[in-house]
Amino acid sequence: MLAKGEDDYGEIDRIIKIELNPFDPLTFSEGNFWKQNTDKGATVSSIHEEIVKDIKNNIEQIRQDNILRTILLLGDSGAGKSYLLGRLKRELNDKALYVYIGPWADGERIWRHTLWELVESLMYPQEKPQLILFIDKLIENSSLNSEEAFITYIRQTYQAFNVPKDLLKALFYLKDENKKFIANSWLRGEILDDEDLKALGVVRSIESEEDAQKVINSIGSLARRVQPIVLCYDQLDNIPKNDGKLQLQPLFDFNTTMHTNYPNTSFLVIISMIMDTFNLYKKNIQTADNARINSKIELEPIKWEQVETLWHKHLNKIHSKVSNNKPNSTIYPLSKDIFKKENKTKETILIRTALELGRRIYQEYKDGITKTKKEDKPTIEESPIEEYFRIVWSTNYEATAINQISSQNLLKMLQEAIQALGFTDIIPKFLPPIKGKGKTYGQLVPDFSLKYKDKNHSTTGLVWIEDKNLNLFCRIMEALEFASKENICDKLILIREGTVGNKSNKGFQIYDALLKQKQIIHIKPSLDSIKFLSAYHNLVNKACSKELVVGDKEPDLAQLNELMCTINKFNDCKLLTELGLIVPTNVNATDEHHAIKEYIYSVVATQKFLGLEALREVINKYTYLTIPTFDGFIDQLCKEKKIKYVDSKAQKDKKFVCVIPQVSL
């Protein structure tokens with residue numbers, strides 16, 4: 001049974017009516033633990049307490065003996081792997097550096113992928129990025145104003161004579177306002193042009209797996225003097241497959257190589273996997289690889305006492321606003337009786353299931369107490385899943401830049417969208433390597449290409465290259481010239497936002513000729529298109545890893561794509577239109593005001609009854625609006641009869657709105 005009603009607890013019930021559901025995705029979501037901003041106060045210390053202690057001990061042992069360790073973290077979908085990783089990052093931020101490493105696009109580039117993700121995580125925007133703090137501790141905050149002084153100090157102080165000089169130069173210039181962006185690009189493994197290499201004073205870019213391996217080892221060696229680095233491989237169900245099977249071997253090869261060749265590095269490798277995925281793959285793990293896993297940790301479901309604390313943490317914001325006649329229970333309007341009834345007498349429950357149960361029961365209670373006046377009664381029918389999905393989309397749509405994502409991952413993101421739209425026979429690396437004397441970077445050419453068949457069975461070849469180096473660009477152009485002459489594809493498309501050089505560059509000359517002869521099409525991707533593909537990629541990662549929650553549903557990849565098509569979401573991506581993959585039907589797709597109004601409606605539709613102050617607060621997390629602009633959107637939605645004021649005569653800060661049922665014709 002539900003807790004007492006409005007007559008008993010009028011004040012808290014009024015607050016429940018006007019506030020967001022505290023279990024809603026608007027207030028928290030699963031996925032990449034690095035980008036979660038979960039309040040530390042919402043952590044339940046007793047959940048996975050022994051596991052946290054175990055991992056803390058591993059980190060402390062690495063701090064003392066500087067020996068690499070690997071943990072295999074296993075758990076059912078919804079058991080709280082992301083919850084645990086996020087907690088570790090929050091609680092042990094002063095003990096170790098944390099790196100999120102998501103799915104890779106190509107197993108043959110696992111070292112380069114790891115390096116890119118390592119640098120991206122350690123340079124993630126915050127008051128002072130982790131890698132800058134790392135450098136400060138390395139030089140003990142000394143004022144070393146020259147490259148030579150910095151390199152001499154590191155090598156002599158730590159006997160670090162095996163650390164590549166180019167790496168030390170890049171670390172030094174990370175703190176130089178004029179060169180930090182170039183240094184960051186070099187560290188991640190971007191193929192830089194000659195001018196940038198000269199500015200850093202480095203010989204060449206990080207071009208191969210061997211190069212990336214040396215840099216990762218050197219960073220791990222330097223970490224011995226500072227603090228351990230935790231490499232967290234997560235959301236692995238979206239890595240490349242072969243005959244329908246996940247290709248996990250590159251990761252185990254990486255781990256075994258680290259233990260064999262670089263054991264004295266201060267890394268803690270955490271491989272996070274769904275239990276079902278591990279059970280399918282474990283028979284294929286080689287004995288040598290298995291021996292390099294120091295421990296296996298399995299996440300268990302949580303007990304009622306932990307559920308109660310978890311619910312209390314989420315409901316605390318609601319209860320803290322009550323000044324009089326507070327409920328006796330800190331989890332009102334939920335209760336232990338509800339847990340027992342809904343959990344069918346089981347003693348334990350998965351974290352995600354507990355949170356979803358809290359969301360659903362809370363919403364049912366809120367719906368029930370809104371029936372106070374017949375004329376003010378909002379609809380309490382379940383909101384369409386599409387409205388929940390629009391909100392989930394917005395929480396994954398985030399600011400990014402083209403140069404934050406490697407060319408290979410950009411191509412992978414685009415490939416995911418192409419597959420979702422039903423295009424078939426997708427073949428990566430269709431371009432051949434360019435061989436011959438003086439053909440620098442020629443072996444890298446295939447990594448930037450893929451081809452697919454459209455619905456008329458015509459073949460389109462795509463190349464996406466954002467690396468700055470014009471020699472590499474020249475090799476790409478030579479490969480496209482070859483593909484054009486050999487009629488490998490019916491259509492060739494170059495995607496590149498960056499420079500293509502000038503008339504003095506051979507690559508530009510080939511590019512210009514191909515363009516004039518209409519042998520290739522050049523598309524410059526917009527930043528909005530990159531943000532779109534990144535958001536969709538985040539959702540694909542979650543769907544494949546069984547972490548995607550939309551309302552009370554957990555869509556798989558096919559269901560995610562169905563939702564995307566139902567609301568014509570792919571129409572919002574200009575690049576997909578430019579590629580001819582979709583024919584736009586939504587005239588408002590690029591209208592920012594339409595998108596904001598649509599989002600406001602989705603929030604009200606899923607909450608059903610909401611105070612304007614709470615609504616404005618959540619909208620401003622999505623996009624900042626002045627009060628007059630916000631009020632204008634509310635008035636428009638009211639005129640369109642999508643929402644209405646419950647009490648239009650109330651004071652402005654006490655006004656409520658509710659959704660109006662939309663009749664399908």
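Which of the residues spanning the stretch 440-462 are open to solvent by 60 Å² or more (accessible area, probe 1.4 Å) and part of a loop (DSSP other than H, G, I, E, B)? Write out each step before concluding.
Filtering the stretch 440-462 for residues open to solvent by 60 Å² or more (accessible area, probe 1.4 Å) gives 440, 443, 453, 455-457.
Matches in the stretch 440-462: Thr440, Lys455, Asn456, His457.
When you scan the stretch 40-87, how many residues do you find that are among the polar types (S, T, N, Q), touching a residue at least 24 places away in the same chain (Cβ under 8 Å) and open to solvent by 10 Å² or more (accessible area, probe 1.4 Å)? Full working, then the answer.
Just the residues of the stretch 40-87 that are among the polar types (S, T, N, Q), to begin with: 43, 45-46, 57-58, 61, 64, 66, 70, 77, 82.
Imposing the further condition that a residue be touching a residue at least 24 places away in the same chain (Cβ under 8 Å) reduces the set to 43, 46, 58, 66, 70, 77, 82.
Next, only the ones that are open to solvent by 10 Å² or more (accessible area, probe 1.4 Å) stay: 43, 46, 58, 66, 77.
Selection size over the stretch 40-87: 5.
Considering only residues that are part of a loop (DSSP other than H, G, I, E, B) and touching a Leu at 6+ places or on another chain (Cβ under 8 Å), which ones fall in the stretch 193-233?
Initially, the stretch 193-233 is screened for residues part of a loop (DSSP other than H, G, I, E, B), giving 193, 201-208, 224-228.
Matches in the stretch 193-233: Asp193, Val203, Arg204, Ser205, Ile206, Glu207, Arg225, Val226, Gln227, Pro228.
Open to solvent by less than 30 Å² (accessible area, probe 1.4 Å) and polar (S, T, N, Q): does that describe Ser185? First the steps, then the outcome.
Working: open to solvent by less than 30 Å² (accessible area, probe 1.4 Å): yes; polar (S, T, N, Q): yes.
For Ser185, the condition - open to solvent by less than 30 Å² (accessible area, probe 1.4 Å) and polar (S, T, N, Q) - is met.
Which ones in the stretch 463-492 are open to solvent by 10 Å² or more (accessible area, probe 1.4 Å), part of a helix (DSSP H, G or I) and more than 15 Å from Asp193 (Cβ to Cβ)?
The answer is Glu478, Glu481, Phe482, Ser484, Lys485.
Could you list, in sequence order, all residues of the stretch 252-277 that are within 22 Å of Ala96 (Cα to Cα), outside any strand (DSSP E or B), hydrophobic (A, V, I, L, M, F, W, C) and under 24 Å from the mean Cα position of the chain (by Cα)?
Passing the criteria: only Phe254.
Could you give me the residue pairs with C-beta distances under 6 Å whose first residue belongs to the stretch 280-297 and is at pLDDT below 90, whose second residue is open to solvent by less than 100 Å² (accessible area, probe 1.4 Å) and of a type outside the set (Ser, Thr, Tyr) wherever it lies, and which are 6+ apart or on separate chains?
Going by the 6 Å Cβ cut-off, there are no qualifying pairs.
So that you can scan it fast, the table gives a plain yes or no per residue for (1) within 26 Å of Lys412 (Cα to Cα); (2) open to solvent by 50 Å² or more (accessible area, probe 1.4 Å); (3) touching a residue at least 12 places away in the same chain (Cβ under 8 Å):
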residue: Lys89; (1), (2), (3): no, no, yes
residue: His113; (1), (2), (3): yes, no, yes
residue: Leu138; (1), (2), (3): no, no, yes
residue: Ala149; (1), (2), (3): no, no, no
residue: Leu167; (1), (2), (3): no, no, yes
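Phe609: among the hydrophobic types (A, V, I, L, M, F, W, C), more than 30 Å from Thr459 (Cβ to Cβ) and open to solvent by less than 20 Å² (accessible area, probe 1.4 Å), yes or no? Outline the logic, then answer.
Numbers: among the hydrophobic types (A, V, I, L, M, F, W, C): yes; more than 30 Å from Thr459 (Cβ to Cβ): yes; open to solvent by less than 20 Å² (accessible area, probe 1.4 Å): yes.
Yes, satisfied.
Which members of the stretch 151-163 meet the condition of being closer than 23 Å to Arg204 by Cβ and either crowded, with 17+ Cβ neighbours inside 10 Å or in contact with a Leu (Cβ under 7 Å, 6 or more places away or on another chain) (or both)?
Matches in the stretch 151-163: Ile151, Ile154, Ala160, Val163.
Is at least one residue of the stretch 561-571 among the acidic types (Asp, Glu), out of contact with any Gly (no Cβ under 6 Å at 6 or more places or on another chain) and modelled with pLDDT under 95?
First, the residues of the stretch 561-571 that are among the acidic types (Asp, Glu): 562.
From what's left, out of contact with any Gly (no Cβ under 6 Å at 6 or more places or on another chain): 562.
Subset that is modelled with pLDDT under 95: none.
No, the stretch 561-571 has no match at all.
Conditions (1) among the acidic types (Asp, Glu); (2) assigned to a helix (DSSP H, G or I), marked per residue:
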position	(1), (2)
Ile47	no, no
Leu74	no, no
Tyr83	no, yes
Glu120	yes, yes
Tyr124	no, no
Leu133	no, yes
Lys137	no, yes
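Please give the number of the condition Pro103 fails out of (1) in contact with a Leu (Cβ under 6 Å, 6 or more places away or on another chain); (2) part of a loop (DSSP other than H, G, I, E, B).
(1)
Does Asn217 count as closer than 22 Å to Asp166 by Cα and touching a residue at least 24 places away in the same chain (Cβ under 8 Å)? Don't jump to the end; show me each part of the working.
Numbers: closer than 22 Å to Asp166 by Cα: yes; touching a residue at least 24 places away in the same chain (Cβ under 8 Å): yes.
Criteria met by Asn217.
Could we say that Glu562 is open to solvent by 10 Å² or more (accessible area, probe 1.4 Å), in a helix (DSSP H, G or I) and in contact with a helix residue (DSSP H, G or I) (Cβ under 7 Å, 6 or more places away or on another chain) here?
So Glu562 fails the test.
Residue-wise test of (1) among the aromatic types (Phe, Trp, Tyr); (2) under 17 Å from Phe134 (Cβ atoms); (3) in contact with a Cys (Cβ under 8 Å, 6 or more places away or on another chain); (4) in contact (Cβ under 8 Å) with a residue 12 or more places away in the chain.
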site: Trp186; (1), (2), (3), (4): yes, yes, no, yes
site: Gly189; (1), (2), (3), (4): no, no, no, yes
site: Val202; (1), (2), (3), (4): no, no, no, yes
site: Glu209; (1), (2), (3), (4): no, no, no, yes
site: Gln213; (1), (2), (3), (4): no, no, no, yes
site: Arg224; (1), (2), (3), (4): no, yes, no, yes
site: Pro228; (1), (2), (3), (4): no, yes, no, yes
site: Gln235; (1), (2), (3), (4): no, no, yes, yes
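Tell me, please, whether a residue that is touching a strand residue (DSSP E or B) at 6+ places or on another chain (Cβ under 9 Å), surrounded by 17 or more Cβ atoms within 10 Å (Cβ to Cβ) and at pLDDT 90 or above can be found in the stretch 322-345.
Checked the stretch 322-345: at least one residue is touching a strand residue (DSSP E or B) at 6+ places or on another chain (Cβ under 9 Å), surrounded by 17 or more Cβ atoms within 10 Å (Cβ to Cβ) and at pLDDT 90 or above.
Just to check your reading of the model, which residue among Asp552, Asp556 is free of Cβ contacts under 8 Å to residues at least 40 places away in the same chain, open to solvent by 10 Å² or more (accessible area, probe 1.4 Å) and among the charged types (D, E, K, R)? Show your work before the answer.
On the way: Asp552 fails: free of Cβ contacts under 8 Å to residues at least 40 places away in the same chain.
None of the others qualify; the one that does is Asp556.
Among residues belonging to the stretch 612-644 that are β-branched (Val, Ile, Thr) and not in a helix (DSSP H, G or I), point out the one that is least open to solvent (accessible area, probe 1.4 Å). Give the derivation first.
First, the residues of the stretch 612-644 that are β-branched (Val, Ile, Thr): 618-619, 623, 626-627, 629, 634, 643.
Adding the requirement that they be not in a helix (DSSP H, G or I) leaves 623, 626, 643.
Details: Thr623: 33, Thr626: 62, Ile643: 1 Å².
Step by step, filter the stretch 612-644, then rank; the result is Ile643.
The values are calculated or read from the model by the stated rules, or taken from the named source; none is laboratory data. Everything numeric here is computed off the predicted structure, so don't read it as measured data. When we count neighbours, we look across all protein chains shown, and the Cβ atoms used for this are built from the backbone with ideal geometry, even at glycine. Side chains included, ligands, DNA and RNA excluded: accessible areas come from the protein's heavy atoms. Shrake-Rupley method; radii C 1.70, N 1.55, O 1.52, S 1.80 Å.
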